[in-house]
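Chemist: Sharing a structure with you now.
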Amino acid sequence: MVDFRFDIKPLFPQPIIKVTSNLLPHTFRGDRRQCLDATSKMSEIIDRLGQLSATSQGLNKPVTTAQRLRMSENQTIYLLADPEAGNNGCVIGLLKVGTKDLYLFDEKGQTRKMEQSPSILDFYVHETRQRAGLGKRLFETMLSEEQWTPPKCSVDRPSEKLLAFLGKHYGLVRTIPQANNFVLYEGFFNDAASQNGSRNGHADSPQRTKNGLHITNSPNTQLFGATYLGDEADHQKRFGRRNSNLQQQHQHLQQPSLLQQITQISPNGRYGAPRPTCSMAEIIHSGSGSSSKSGGGGSSESNR
Ligand SMILES: CC(=O)SCCNC(=O)CCNC(=O)[C@H](O)C(C)(C)COP(=O)(O)OP(=O)(O)OC[C@H]1O[C@@H](n2cnc3c(N)ncnc32)[C@H](O)[C@@H]1OP(=O)(O)O
């Protein structure tokens with residue numbers, strides 16, 4: 001468990017607090033001096049937990065820092081503490097979520113732009129307290145506060161532990177292959193609400209031209225060309241199964257002008273630095289025939 005040189009109790013009047021870009025607990029009340037003191041301590045807590053999370057995931061730099069949260073407009077960190085542990089209390093876990101504008105493939109392989117899509121960005125429970133239900137407690141609090149449901153959340157390159165967590169607690173197993181590092185589950189695009197991804201989310205409906213081609217200004221379209229939106233049978237007749245479509249996309253990528261475009265929209269954040277392979281997400285992505293480095297819209301938080 002993570003303790004600090006200062007008493008965390010004043011910052012944690014309850015075990016789970018929310019922190020946004022002002023770097024103050026959502027419960028905070030105080031004058032200017034207290035505010036400065038609280039932000040400084042919160043920064044220390046966030047940086048420490050962010051670093052521990054990165055280390056446990058084998059990342060070479062943290063996805064979560066106080067500085068990044070301060071610069072963000074739509075991210076929230078949930079922190080779980082045990083204020084009564086030891087002399088000063090200790091912090092046990094962190095969950096960072098936010099909304100992202102993402103270009104995503106739906107179940108039919110059609111590109112959709114999802115605006116303000118709910119995303120799980122970083123999640124960590126201290127090693128000494130894992131598998132005791134604390135992750136679920138943190139996650140449930142987040143779902144209730146954000147008014148999200150699990151299938152409507154995209155997950156930024158989940159670790160094997162997180163994949164297992166989502167499978168166990170929420171029955172999320174079947175994924176929809178993507179060309180970026182976000183993992184989506186079946187149900188993401190379902191029903192009227194999911195057309196919006198969530199209360200916040202909003203999907204651009206694809207525009208169909210006379211010849212059935214779907215053209216948007218999305219990175220997927222820029223990279224792979226327009227997508228055919230005809231009936232499934234017709235689709236298969238024209239293009240064969242999705243694999244052969246992806247093969248065509250791959251050939252399309254060989255063209256120099258497209259390679260240049262890829263460079264121009266080369267990923268940042270999570271994509272920015274090398275990371276050891278061999279996570280389940282890696283298997284899912286390679287199984288879909290798509291490259292996790294081929295863009296697809298929406299910046300990942302780090303290179304998980
Ligand atoms: C977008 C991202 O943030 S990706 C990165 C996710 N974070 C990490 O991988 C960091 C290391 N892991 C952790 O911090 C934690 O394991 C978390 C946050 C994923 C889950 O928190 P926990 O408190 O362990 O979750 P909780 O106790 O509620 O649920 C337990 C379930 O999570 C999964 N899980 C947790 N730890 C493990 C593990 N070591 N191996 C496999 N599955 C695990 C399992 O499904 C487990 O159920 P089980 O014990 O019956 O097999």
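What follows draws every value from the coordinates through simple rules; no lab data is involved. Nothing here was measured: the structure is a model prediction, and the numbers come from that model. Here Cβ is always computed from backbone atoms with ideal geometry, including for glycine, and neighbour counts include all displayed protein chains.
Chemist: So how strong a dipole does the range 64-171 carry about its Cα centre when Lys and Arg Cβ are +1 and Asp and Glu Cβ are -1, to the nearest 20 debye?
Modeler: Details: 15 positive and 14 negative charges, 47 e Å.
My answer is approximately 220 debye.
Chemist: Between T65 and Q130, what length in nm is gained on full extension when 0.36 nm per residue of separation is reduced by their alpha carbon distance?
Modeler: 21.2 nm
Chemist: So, one more: Would you mind classifying the range 11-75 by shape? Square roots of the alpha carbon gyration tensor eigenvalues, ordered a ≥ b ≥ c; an a/c under 1.5 is rounded, otherwise it is prolate if a/b is larger than b/c and oblate if not.
Modeler: Values: a/c = 2.17, a/b = 1.84, b/c = 1.18.
In terms of gyration-tensor shape, prolate.
Chemist: First select every other residue whose beta carbon is under 15 angstrom from the beta carbon of L80; then total the charges, Lys and Arg +1, Asp and Glu -1. Write out the running numbers ahead of the final one.
Modeler: Details: positive: K9, K18, R48, K96, R129, R131, K136, R137; negative: D3, D82, E84, D122, E127, E140, E145.
Value of the local net charge: +1.
Chemist: Hey, how many Å between the Cα centroid of the range 154-188 and the Cα centroid of the range 16-89?
Modeler: Value for the Cα centre distance between the two parts: 26 Å.
Chemist: Using the structure shown, select from K108/K136; K9/K161; K113/K152 the pairs with a Cα to Cα distance greater than 23 angstrom. Please list the in-between numbers first.
Modeler: Values: K108/K136 32 Å; K9/K161 30 Å; K113/K152 14 Å.
Exceeds cut-off: K108/K136; K9/K161.
Chemist: Just to be sure I understand the model, the point goes 7 Å from the Cα along the line to the Cβ. What's the resulting E115 to E140 distance in nm?
Modeler: According to this spin-label approximation, the distance is 3.5 nm.
Chemist: Between Q147 and A164, with labels modelled 7 Å along Cα→Cβ, what's the label distance in nm to one decimal, could you check?
Modeler: 3.5 nm
Chemist: Work out from phi, with θ = phi - 60° and the Karplus expression 6.51 cos²θ - 1.76 cosθ + 1.60, the ³J(HN,Hα) of each residue of the range 106-116, listed in order in whole Hz, and give x for Gly and Pro.
Modeler: My calculation for the range 106-116 gives 8, 4, 8, x, 7, 7, 10, 8, 9, 9, 6 Hz in order.
Chemist: Find how much the distance from D3 to N190 grows on full extension, using 0.36 nm per residue of separation minus their present alpha carbon separation; answer in nm with one decimal. Present the calculation step by step, with values, prior to reporting the outcome.
Modeler: On the way: separation 187, 0.36 × 187 = 67.32 nm, distance 4.31 nm.
Full extension from D3 to N190 adds 63.0 nm.
Chemist: Moving on to the next point. For the range 12-145, what class follows from the C-alpha gyration tensor (a ≥ b ≥ c being the square roots of its eigenvalues): rounded when a/c is under 1.5, otherwise prolate if a/b is larger than b/c, else oblate? If you can, show how the numbers build up before the last one.
Modeler: Values: a/c = 1.94, a/b = 1.49, b/c = 1.30.
It is prolate, given that a/c is not under 1.5 and a/b is the larger ratio.
Chemist: Please list, by residue number, every one of the GluC sites (Glu not before Pro) in the range 17-109 that is coil in DSSP and has at most 16 other beta-carbon atoms within 10 Å. List each step's numbers first, then the result.
Modeler: On the way: sites: E44, E73, E84, E107; in loops: E73, E84, E107.
Answer by residue number: E73, E84, E107.
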